[in-house]
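K.L.:
Got a structure for you, questions after.
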Amino acid sequence: MAAIVQTEKVSRVYRVGGRPVVALHQVDLRIEPGTLVAFRGRSGSGKTTLLNCIGGLDKPTEGQIWVNGQEISRLSELARVRLRRQQIGFIFQSHALLPTYSAWENIDLMLRLAGMKRQERRPRIEQLLHLVGLGKWMDHRPHEMSGGQQQRVAIARAIATRPALILADEPTGELDSQTGQQIWQLFRQLVSQEKVTILIATHDLAVDAYADKLYILQDGRIIN
């Protein structure tokens, strides 16, 4: 089976005050499709940088990255934007929802940007909101929802266009432990039902019980 994500000798070095800071060092990965994979480590371990490089939001200093068979380091900026829009969904710790839009409208915007016709958008949005347990909250705006509910809207939005890959950066970072467990359970359900691959950067130990594969990062290196 072809890997959905593969990295070879990926390094990322930043310059801070004229000094080199190594965020990633010689990272090799092979991620199978339809899996839930977690990158766990302390702040500064390199896990967010790794997600950003895989998602084409950042460029590695050295090495190669393939996403769904495309070597993203060779793509133009326009092609990377197209790849992110069509094949990758993003989930952030801060939810990043549009505050004046309802749950329905936040998801609908993503589908409109993807060019989906109106008659196709409605059943997809209804399906997604029920999938994440927010069927009764579709008309509510973010400030009318809890942090966990907002994160569920963000998850529904990320999977709306049926991307092959979801990248989630600290998705439970601002949630209490019980709500965090519910989010991990939802991710497991999405891998099964939506046939999506989910890569998660987190420091939450609870992810160990849900991930198909767990990588521990320390000082930009995978140590397990």
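Only the coordinates and a few stated rules stand behind these numbers; no lab work does. For clarity, every value in this text was computed on a predicted model and none was experimentally measured. Please note: Cβ atoms are built from the backbone with ideal geometry, for glycine as well, and neighbour counts cover all protein chains shown.
K.L.:
So for the chain, averaging the separation of alpha carbon pairs under 8 Å that are six or more residues apart and normalising by length, what relative contact order in percent results? Don't skip to the end; give the middle numbers.
P.N.:
Values: 420 pairs, mean separation 69.7, N = 224.
Worked out over the chain, it gives 31 percent.
K.L.:
Additional query: What number, in percent, do you get for the relative contact order of segment 1-96 if the mean sequence gap of Cα pairs under 8 Å and at least 6 apart is divided by its residue count? Present the calculation step by step, with values, prior to reporting the outcome.
P.N.:
Values: 134 pairs, mean separation 29.1, N = 96.
The value is 30 percent.
K.L.:
To the nearest 500 deg cm²/dmol, what mean residue ellipticity at 222 nm is calculated for the chain from DSSP H runs of n ≥ 4 alone, each contributing -39,500 (n - 2.57), summed and divided by the residues?
P.N.:
-10500 deg cm²/dmol
K.L.:
Let a ≥ b ≥ c be the square roots of the eigenvalues of the Cα gyration tensor of segment 146-224; is it rounded (a/c under 1.5), or, if not, prolate (a/b larger than b/c) or oblate?
P.N.:
Numbers: a/c = 1.78, a/b = 1.26, b/c = 1.42.
Oblate, since a/c reaches 1.5 and b/c is not below a/b.
K.L.:
Could you calculate the contour length gain from Arg162 to Ala209, that is, 0.36 nm times the residue separation minus the distance between their Cα atoms, to one decimal place in nm?
P.N.:
Details: separation 47, 0.36 × 47 = 16.92 nm, distance 2.53 nm.
Extra length from Arg162 to Ala209 when fully extended: 14.4 nm.
K.L.:
Here is a further query. Mind sorting Val21, Val10 by how few other Cβ atoms lie within 10 Å of their own Cβ, fewest first?
P.N.:
Ranking Val21, Val10 by Cβ neighbours within 10 Å, fewest first, gives Val21, Val10.
K.L.:
Tell me, Ile216, Ile65, Ile223 in order of fewest to most beta-carbon neighbours within 10 Å?
P.N.:
Ascending number of Cβ neighbours within 10 Å: Ile223, Ile216, Ile65.
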